[in-house]
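**Student:** Structure provided below as structure tokens; questions to follow.
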Amino acid sequence: MSEPISALNHASYDGIAKVQECGLQGMITLRGDLSDKVLAKAVKDATGQKMPGQREAFVDGESGVCWMSPDELLVLVPYVEVEAKLAAMTNALSGTHALAVNVSDARAVFSISGSSAREVLGKLAPVELSSKAFQPGQIRRSRLAQVAGAFWMDDDQTLRVVCFRSAADYVFNLLKVAAQPGSEVGVY
Amino acid sequence: MLILNCPYCGVDAEETELAAGGEAHLKRFGPGSSDDEFHDYLFMRENPKGVHFERWRHSNGCGKWFHAARCTQTLEVFGTYSAQTTEPPKEIKDAITAKRPGWTWREYE
Ligand SMILES: [Zn+2]
């Protein structure tokens, strides 16, 4: 068995914010009726988190659950546990109209940290990122320049960004340019 | 810049997060329909200067399709609503009437 490696293998960049590829992250796409108690329990068993409401993200480190659409969740678990967690989830959901798929290797994850983190992402996504409008506990799906991406805040100065693995290099380059030294805009 | 509120994720999405899906509330004429009906279904579209109903998809977002009622002349948005309907809901029609008394679009008014 070959050793799994994330898209950019922890590449990082220091500018007005620190940009880092986070490495391997277990991710399960879960679709179904989010009001279903069986589904809510499966999520709780996998992550320890309750069912998120519209655009909520309950993430603690490598575990958590994010609201992606009215019938879709992104379930985060440690990479080494994803197969076991998925099997338990699939088992718990047998007989329920739901679908759970391991998408870990189809994604890349970045963190943007520092006092200008909001600003770096704000240059790339058509989203209001002031602290009034966007806070830890929320998730937003949008675009980063020309590719799809989703992001939430781990704390007030740290954003985590998820994109497709095939776009990882593109997104890292975007983030590097947006984080160039001296490029503060001073909006947020 | 057009900004539409996605009724599924509640986001005020600007145009670059959205994909336009053409005219709303088309009735499909497929097998068994007449040539004229099929022709009209395929090719005949409204092209109003003013009130218009469209389908949009929150493609760089939650991925859901929804409906929007807006003015093609001013880009004013009267409202957005669920995709799970075959005609504009009453509150949308009322909102248009408040701004554009006497409006018509296809068989709706
Ligand atoms: Zn949406």
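The values are calculated or read from the model by the stated rules, or taken from the named source; none is laboratory data. This one's a predicted model, so the numbers in the text were calculated from it and none came from an experiment. Every residue, glycine as well, gets a Cβ built from its backbone with ideal geometry; the counts of neighbours run over all protein chains shown. In case anyone asks, the SASA skips ligands and DNA or RNA and just uses the protein heavy atoms, side chains included. Shrake-Rupley method; radii C 1.70, N 1.55, O 1.52, S 1.80 Å.
**Student:** On C-alpha positions alone, give me the angle between the axis of helix A:168-178 and the longest principal axis of chain A, in degrees, nearest 10.
**Tutor:** 40 degrees
**Student:** Moving on. Hey, in chain B, which Cys have no second cysteine's beta-carbon closer than 4.7 Å?
**Tutor:** B:Cys6, B:Cys71
**Student:** Amide H neighbours of B:Ala13 under 5 Å, at least 5 residues apart or on other chains, H built in the peptide plane: list them.
**Tutor:** For B:Ala13, whose amide H was placed from the backbone, the distant partners under 5 Å are B:Leu4, B:Asn5, B:Cys6.
**Student:** Using 0.36 nm per residue of separation minus the Cα-Cα distance, give me the extension gain between B:Glu76 and B:His25 in nm, one decimal.
**Tutor:** Details: separation 51, 0.36 × 51 = 18.36 nm, distance 2.00 nm.
Result for the pair: 16.4 nm of gain on full extension.
**Student:** How far is helix A:37-47 tilted off the main Cα axis of chain A, in degrees rounded to 10, range 0 to 90?
**Tutor:** 50 degrees
**Student:** Based on alpha-carbon centroids, what's the gap between the stretch B:1-24 and the stretch B:48-109 in Å, whole number please?
**Tutor:** Taking the Cα centre of each part, the stretch B:1-24 and the stretch B:48-109 sit 11 Å apart.
**Student:** With a Förster radius of 30 Å, plug the Cβ-Cβ distance of B:Phe38 and B:Glu87 into 1/(1 + (r/R0)^6) and report the FRET value to the nearest 0.05. Before the final figure, lay out each step's value.
**Tutor:** Values: r = 22 Å, r/R0 = 0.72.
The computed FRET efficiency comes out at 0.85.
**Student:** Additional query: So how much accessible surface do B and A hide from each other in total, probe 1.4 Å, in square angstrom to the nearest 100?
**Tutor:** 1000 Å²
**Student:** Could I ask something else about it? Give the calculated FRET efficiency between B:Ala95 and A:Ser2 to the nearest 0.05, with a Förster radius of 51 Å applied to their Cβ-Cβ distance.
**Tutor:** Numbers: r = 58 Å, r/R0 = 1.14.
That pair, B:Ala95 with A:Ser2, gives E of 0.30.
**Student:** Sticking with this structure for a sec: Ignoring ligands, DNA and RNA, what percent of the accessible area of chain A is carbon or sulfur (1.4 Å)? List each step's numbers first, then the result.
**Tutor:** Working: 4360 of 8680 Å².
The C+S portion of the solvent-accessible surface of chain A is 50 percent.
**Student:** In addition: Apply 1/(1 + (r/R0)^6) to the Cβ-Cβ distance of A:Lys50 and B:Leu2, taking R0 = 41 Å, and write down the FRET efficiency to the nearest 0.05. Intermediate results must be reported in sequence, preceding the final value.
**Tutor:** Details: r = 36 Å, r/R0 = 0.88.
Calculated transfer efficiency: 0.70.
**Student:** Let me know the mean shielding of A:131-142 by other chains, meaning the per-residue number of their Cβ atoms within 10 Å of its Cβ. Don't skip to the end; give the middle numbers.
**Tutor:** Details: counts 0, 0, 0, 0, 0, 0, 0, 0, 1, 3, 9, 8.
Going residue by residue through A:131-142 and averaging, the value is 2.
**Student:** Tell me, which residues of the stretch B:37-66 get at least 10 Å² less accessible area when the other protein chains come in, versus the chain alone (1.4 Å probe)?
**Tutor:** B:Asn60, B:Gly61, B:Cys62, B:Lys64
**Student:** A drop of at least 30 square angstrom in accessible area, chain alone versus all protein chains together, probe 1.4 Å. Which residues of the stretch A:49-65 meet that?
**Tutor:** Residues losing area: A:Gln54, A:Arg55.
**Student:** Please give the Cα centre distance for the stretch A:98-144 versus the stretch A:149-188, rounded to the nearest Å.
**Tutor:** Cα centroid of the stretch A:98-144 versus Cα centroid of the stretch A:149-188: 8 Å apart.
**Student:** Continuing with the same structure: Determine the shape class of the stretch B:3-99: with a ≥ b ≥ c the square roots of the Cα gyration tensor eigenvalues, call it rounded for a/c under 1.5, and otherwise prolate if a/b is greater than b/c, oblate otherwise.
**Tutor:** Values: a/c = 1.93, a/b = 1.47, b/c = 1.31.
The shape class here is prolate.
**Student:** Taking every residue in A:84-92, how many Cβ atoms of other protein chains lie within 10 Å of its Cβ, on average? Walk me through the numbers on the way to the answer.
**Tutor:** On the way: counts 0, 0, 0, 0, 0, 0, 0, 0, 0.
Going residue by residue through A:84-92 and averaging, the value is 0.
**Student:** Additional query: Helix-only estimate, please: 222 nm mean residue ellipticity of chain A, summing -39500 (n - 2.57) across DSSP H runs of length 4 or more and dividing by its residues, to the nearest 500. Before the final figure, lay out each step's value.
**Tutor:** Numbers: 4 runs with 39 residues, N = 188.
Calculated mean residue ellipticity at 222 nm is -6000 deg cm²/dmol.
**Student:** Okay, next question. Working from Cα positions, state the angle (0 to 90°, nearest 10) between the long axis of helix B:90-99 and the longest principal axis of chain B.
**Tutor:** 70 degrees
**Student:** Same structure again: Could you grab the relative contact order for chain B? Cα pairs under 8 Å, six or more apart, rounded to a whole percent.
**Tutor:** Numbers: 164 pairs, mean separation 26.0, N = 109.
Relative contact order here is 24 percent.
**Student:** Kindly rank A:48-60, B:43-55, A:105-117 from highest to lowest mean number of other beta carbons found within 10 Å of each residue. Intermediate values should be presented prior to the final figure.
**Tutor:** Numbers: A:48-60: 16.8, B:43-55: 14.2, A:105-117: 20.4.
So the peptides A:48-60, B:43-55, A:105-117, ranked by packing, come out A:105-117, A:48-60, B:43-55.
**Student:** Under a plain spin-label model, where a point goes 7 Å from the Cα along Cα-to-Cβ, how far apart in nm are A:Leu99 and A:Arg165?
**Tutor:** 2.0 nm
**Student:** Would you mind computing, in nm to one decimal, how far apart the modelled labels at A:Asn173 and A:Asp36 are, each placed 7 Å from Cα along Cα→Cβ?
**Tutor:** So the label points at A:Asn173 and A:Asp36 sit 4.2 nm apart.
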